[in-house]
Each structure stands twice: as C-alpha cells, then as structure tokens.
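Remarks on the structure that follows.
No value in this document is a laboratory result; all are computed from the given coordinates. Only a predicted model underlies this, so the values are computations on that prediction, with no experimental measurement involved. Neighbour counts run over all protein chains shown; Cβ positions are idealised from the backbone, glycine included.
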Amino acid sequence: MKTPIYKLTALMLLVFLGGCKVSKDIILPVTSIPENFRNASKDSTSSIAQLSVKQFFLDVTLGDLIDTALLRNYDLQIAMKNMTAAELLFKQSKLGNLPQVNLNITANSSRPSDNSLNGLSAGQFLGTKHIEDYNANLGISWEADIWGKIGSQKKAALASYLQSAEARKAVQMRLIANVAQGYYRLLMLDTQMSIAKRNVALNDSTLRMIKMQFDAGQVSSLAIQQAEAQQLLAAQLVPALEQEVSIQENALSILAGQLPAAIIRQGSLDKVNFPAQLSAGVPSALLAQRPDVRSAELSLDLANAQVGIAKASMYPSLNITATAGLNAFKASNWFNVPASLFGVVAGGITQPLFQRKQLKTQFEVAKIEREKAVLQFRQSVLNAVGEVSDELMRIEKLKQQETIAQRRVKTLKEAVKNAGLLFNNGMANYLEVITAQSNALQSELELASIKTAELHATVALYRALGGGF
C-alpha cells in the first residue's frame with residue numbers, strides 16, 4: 001500500500017510545483033500618463049481617433065486613393081507577412097506542454113575484429129562473424145513545466161505576435177497619413193499653379209500698358225525691363241510647379257502600389273473639410289489607440305516572460321522519456337511479435353550546477369531588459385502625448401496665421417487694383433504697380449502653403465491620436 005501513496009504524493013507535489021511561478025512580473029506604470037493634453041479643451045472626452053477613415057476624410061477621391069493604397073501598398077503587405085509568421089510561431093508555442101514523439105528506424109551490420117571481445121563472443125555464441133541489429137521504435141520525451149518556463153515561452157510568443165499586429169497597424173496609419181498629406185500637397189500645388197498662371201496674365205496686361213506709355217514717351221525702357229522681369233518671375237513658377245506636381249503624383253502612385261501615373265482629382269484646397277470638432281480626448285486613450293504605445297506595453301509583457309524563462313532555467317528540470325518498438329538481430333525475426341517487442345521508460349531530474357555563470361548572467365540581463373522596457377514605455381507615452389500636444393498647438397496657430405494671411409491677400413489684391421487705376425491716371429509709377437503685383441503673388445502662395453500646413457497638422461493629429469485603423 002505504500003507504493004501507491006508515494007506515487008500519489010509525488011504526483012500531487014508535481015502538480016503543485018507546476019503552478020509555481022519563480023519570478024514576479026512588473027506591472028505597467030500607468031502613473032506616467034497625464035490627465036489632459038496641453039493645449040486641449042478640458043471638457044473634451046471624445047477623440048477624433050474613434051472616427052473611421054471614411055468619416056474623417058470626407059473627400060471621395062482621397063478615400064478611393066487610400067483604399068487602393070491599403071490594398072496594394074507593399075510595405076503594408078510585408079507587415080502582414082510578418083504578422084502571419086508571428087502567428088504561426090505563437091500557435092506552435094501553444095503545443096509546448098505536449099510530449100515530443102519521434103519515429104526511429106535503424107538497420108546496421110558490423111564485423112568486429114576476430115581478436116576483439118565482440119568478435120570472439122559473436123563467433124562462439126552466434127556462430128557468425130557479422131553482427132546485425134534491426135530496430136524500429138517510437139521515442140517519447142516530455143518535460144514537466146514545474147517552474148512555468150513553458151508558460152513563459154507561450155507568453156513571450158503571444159507578446160511577439162501582438163507586437164507584429166501593432167506594427168502592422170502603425171504601417172497602416174502611417175500609410176493613410178502619408179497618402180492624405182501627399183494628396184493635400186497636390187491640391188496646394190494645383191492652387192499655386194492657378195495663382196501663378198493668373199499672375200502671368202496680369203503681368204502681361206501690365207506690360208502692355210507700360211509699353212503703350214513707353215511709346216508715348218511717358219516712361220523709360222527701364223520700366224519695360226522691370227515689367228518683363230516681373231512677368232518672367234511669375235512665368236518661371238509654372239514649370240517649377242508642374243515639376244512638383246509630377247513628382248508628387250509619382251510619390252502617391254508608388255504609395256498606392258502602382259506605377260507612376262497622373263492622379264485624377266476633382267477637389268480643391270479651399271473645399272477640403274474635416275469634422276467640425278477636432279477633439280483629442282484624454283491621454284489614457286492612447287494606451288489602446290497608439291500602436292507604438294501598445295507595442296511598448298507588449299515589450300514589457302515580453303520582458304516579463306523572458307525573465308521567467310531565464311529564472312526557470314536555473315531550477316531543476318524533470319524529463320521523462322519512453323521508447324517502445326521492435327528489435328531483432330536478424331531481419332527475418334524483426335517483426336516477430338511479441339518476441340521482438342521491447343520498451344524502456346526513464347525519468348530524470350537535471351539541476352544546473354556550474355555553467356560558467358551563463359544562466360545567472362542571462363537572468364540578470366533579462367531583468368535589465370525588463371527595466372529598459374519600462375523606461376521605453378514611459379518614453380513612448382511621453383512621445384505620444386508630446387506629438388498630440390504639438391499638433392494641437394500647430395493647428396491653433398496655423399488657423400491664426402491663415403486668418404491673418406487671408407486679410408493680407410485681400411488687402412494686397414485691393415492694392416493691385418488701386419495701383420492699376422492710379423497708374424492709368426498717372427498718379428502712380430510702374431514700380432508701385434510691379435511691387436503690388438509681386439506682393440500679391442507671394443501672399444497668395446503663402447496662404448496656400450499655410451492652408452496646406454494646417455491640413456497636414458490635422459492629419460498628423462488624427463494619426464498621433466491613433467486614428468486610421
């Protein structure tokens with residue numbers, strides 16, 4: 001009766017030890033997250049990151065371009081392949097508690113020396129100088145997860161898989177933002193092209209008037225030269241802008257996984273609309289929305305698992321092996337059952353004693369890596385909150401600049417009109433007309449740039465908050 005009791009006690013002890021965890025995980029430092037973003041409204045709890053891509057980007061042409069990019073972009077496809085590979089590794093790690101089974105079939109023949117012990121024995125007892133051995137067996141080996149090492153390996157594989165999913169999200173969000181910003185830059189170039197061509201036509205009209213006054217002897221040839229120089233300045237912008245348009249179209253085509261080609265667009269810079277309320281929500285939402293923050297959080301889970309693996313490697317391991325099959329000295333008797341049947345069962349406990357401090361060093365390094373993961377998580381939260389705060393401030397100040405720039409454009413357009421009337425009536429010289437036209441041209445180009453920068457900042461805010469997935 002003692003033997004079953006001992007076996008039951010050993011089994012209970014094994015089960016108890018299997019639930020042991022030799023290392024303690026570090027908890028996520030949530031205290032590093034502030035309550036509100038700088039430059040954000042205090043009563044804002046919702047976030048534009050909760051809006052889908054279609055809800056945020058209202059331009060139909062841009063929406064179609066984003067859909068094409070999500071379908072065909074190669075960076076995103078590579079991220080998907082990485083995610084699939086990580087998923088396979090995670091599924092494989094879930095089988096860690098199962099035993100390993102190997103099929104082994106061997107056949108060998110040897111002729112020992114006549115003067116050797118094996119040769120003499122074979123000659124005396126077997127009556128042959130050849131020794132044959134035929135073996136077919138199944139071998140099973142299993143390691144008991146006493147200290148949670150296999151469980152930690154599963155946890156590490158899961159964290160790696162989830163990190164690959166977050167990496168894919170980051171690629172997708174970056175792709176959407178790049179496509180949108182590139183599209184808005186294309187609209188800006190279209191607007192600036194229209195401004196440049198309109199100024200070329202205006203300068204042509206001014207040059208004709210100055211030539212008429214030159215013919216009448218009212219101005220010198222210097223006036224014609226100044227007017228022609230202003231006209232050429234405006235005309236020079238056209239091919240430069242056409243070059244930028246072509247390059248931007250090529251860039252957008254490549255983002256969409258297509259060969260460089262023209263981008264069909266129907267909208268204009270002035271008609272771009274976003275949701276009326278660009279609310280940022282609360283910083284704690286970044287933990288669930290931002291892929292880089294989530295990845296840093298998963299890095300801590302991975303580091304905790306690595307510490308558990310390194311610690312468990314320093315403790316004894318229990319391995320059980322079993323082998324069963326057919327064995328014979330002659331091929332004709334190989335499958336003679338049950339005479340050829342054999343079986344072996346063995347169990348052993350291995351405790352590392354001296355391995356040149358490798359296990360201890362691995363454990364200490366794993367703990368340092370875990371401390372680094374905590375610091376990296378804190379840094380990722382700081383970066384995320386800082387990016388949101390930057391974009392909120394950028395949008396606010398660009399709106400103010402846009403308002404001022406619009407007033408400046410309006411004023412300079414009136415100045416160009418008044419300068420033309422005064423010049424026709426002999427109350428202003430040609431330099432005043434040229435200066436007014438040059439200032440008006442620059443102010444309109446700057447207004448388009450400011451408007452585009454504001455759109456880029458809005459897209460950047462959407463991405464910084466974790467929108468786009």
Using the Kirkwood formula on alpha carbons, the hydrodynamic radius of the stretch 178-308 in angstrom works out to 19.9
Three principal axis extents, largest first, for the C-alpha atoms of the stretch 98-184, in Å?
-> 94, 36, 21
Arrange the following residues from fewest to most other Cβ atoms within 10 Å of their Cβ: V433, V385, V53.
-> V53, V385, V433
Output row, site V282, 7 Å Cα→C-beta label point, backbone N cut-off 19 Å, window the stretch 364-397, residues 381-382, 384-386, 388-389
What are the semi-axes of the equivalent ellipsoid of the stretch 320-437, taken as the square roots of 5 times the eigenvalues of the Cα gyration tensor, listed largest first and rounded to whole Å?
-> 93, 26, 13
Net charge near A328, counting Lys/Arg +1 and Asp/Glu -1 over other residues with Cβ under 9 Å of its Cβ?
-> -1
At q = 0.13 Å⁻¹, the log10 of I(q)/I(0) for the chain from a Debye sum over equal Cα scatterers comes to -1.20
Extension gain K357-S194, at 0.36 nm per residue separation less the Cα-Cα distance, in nm?
-> 51.4 nm
To the nearest 0.05, how large is the calculated FRET efficiency for N429 and L232 if R₀ is 35 Å and r is the Cβ-Cβ distance?
-> 0.95
Label-to-label distance, nm, for residues given as S205 and L58 (7 Å Cα→Cβ offset) = 3.4
Could you size up the charge dipole of the chain around its Cα centre, putting +1 on the beta carbon of Lys and Arg and -1 on that of Asp and Glu, and report it in debye to the nearest 20?
-> 1520
Given R₀ = 51 Å, FRET efficiency for I320-N36 by Cβ-Cβ distance, to 0.05?
-> 0.30
What whole number of Å gives the distance from the Cα centroid of the stretch 56-97 to the Cα centroid of the stretch 393-443?
-> 49
Radius of gyration and Dmax for the stretch 137-190's Cα atoms, expressed in Å?
-> 23.3, 77
Quick P(r) readout (the stretch 293-340; Cα-Cα; 5 Å bins; whole %) gives 5, 15, 11, 8, 8, 7, 7, 6, 8, 8, 7, 6, 3, 0
Rounded to one decimal in nm, the spacing of the 7 Å Cα→Cβ label points at S141 and F342 is 1.9
Neighbours of M173 by Cβ distance under 11 Å: Lys/Arg at +1, Asp/Glu at -1, summed charge +3
Other residues with Cβ under 12 Å from the Cβ of E249 give, with Lys and Arg +1 and Asp and Glu -1, a net charge of -1
What ³J(HN,Hα) values, in whole Hz, does the Karplus curve 6.51 cos²θ - 1.76 cosθ + 1.60 give for the stretch 88-97 when θ = phi - 60°, with x put for Gly and Pro?
-> 5, 5, 5, 4, 5, 5, 5, 9, x, 7
